[in-house]
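First up is the structure itself, then whatever we jot down about it.
Every number in this text was worked out from the coordinates using simple rules, so none of it is lab data. In this text, all values refer to a predicted model and were calculated from it rather than measured experimentally. Note that we place each Cβ from the backbone using ideal geometry, even for glycine, and neighbour counts take in every protein chain shown.
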Amino acid sequence: MWERRTAEAFVQLADTLVAGFDVIDLLHTLTERCVELLDVDAAGILLVDQRGALQLVAASTEQARLLELFQLQDEEGPCLDCYHSGTQVACADLATEPQRWPRFTAAAHDRGFAAVHALPMRLREQVLGAMNLFSASPGVLPEGTVAVAQALADVATIGILQERSHRESVLVTEQLQVALNSRVLIEQAKGVLAERAQISVAEAFTQLRGFARNRNRRLSEVAAAVIDGATDVAELVARREPPAR
């Protein structure tokens, strides 16, 4: 059963790698599949922008999102170490190594996380960012689990870097920057929709994503329409759409 679900996850990721694919949706799918398959409680992804600074692009839960943002703001944590080293960074029990990332450890504890495993998103010498896997209970991830997580991250990395085999690196950088800019729009739209519809930020994102998928539109396009108050997305405030599968 687990093997079949894992194979389906790889197929799903591969199916998104078509011309003009939505990077943000791809990475959110990656975090969701990691939580479903790997016995972790949350996942987050950071990518580097044109200036060489890491930015949050996807998180499976609000607590993970807040912890990733804290990590970036405080410039301390496993995901940053993973990105800079290009290698996996893990801590099976943050409470036993408080001196390793003292401020991050405290923030992780406040948000209900006790263990973390960070994996690089890299292809050979090019490191695009890192993916964090968070667990509410202490424990070491089995080698097989880590191998699957890294393979999932590798598929996404290859897709980002090689949307087309002939695409030059400068265009890849531009694509990443577009994804990061889109993330800002999406965060703003989540807040607008949550306020208008009186729902949680997490539910607002689910509605935005479902609306975009059901109408074959990009998340960033729908987010901009929500911010601008476009009539074609006004129904999002009036009723909740089931997320697309």
Centroid-to-centroid separation of region 22-48 and region 120-160 [C-alpha atoms, Å]:
10
Tell me, what are the semi-axes, in whole angstrom and largest first, of the equivalent ellipsoid of region 52-122 as set by the roots of 5 times the Cα gyration tensor eigenvalues?
17, 15, 11
Pulled fully out, how much extra length does the chain show between ASP110 and ALA95, if you take 0.36 nm times their separation in residues and subtract their Cα-Cα distance?
4.2 nm
Total formal charge among the other residues, if their Cβ is under 13 angstrom from that of LEU141, Lys/Arg +1 and Asp/Glu -1
-4
Between ALA58 and residues 5 or more places away or on another chain, the pairs with built amide H atoms under 5 Å apart involve ILE45
Given a cut-off of under 8 Å on Cα pairs at least six residues apart, what relative contact order in percent is computed for region 79-130?
47
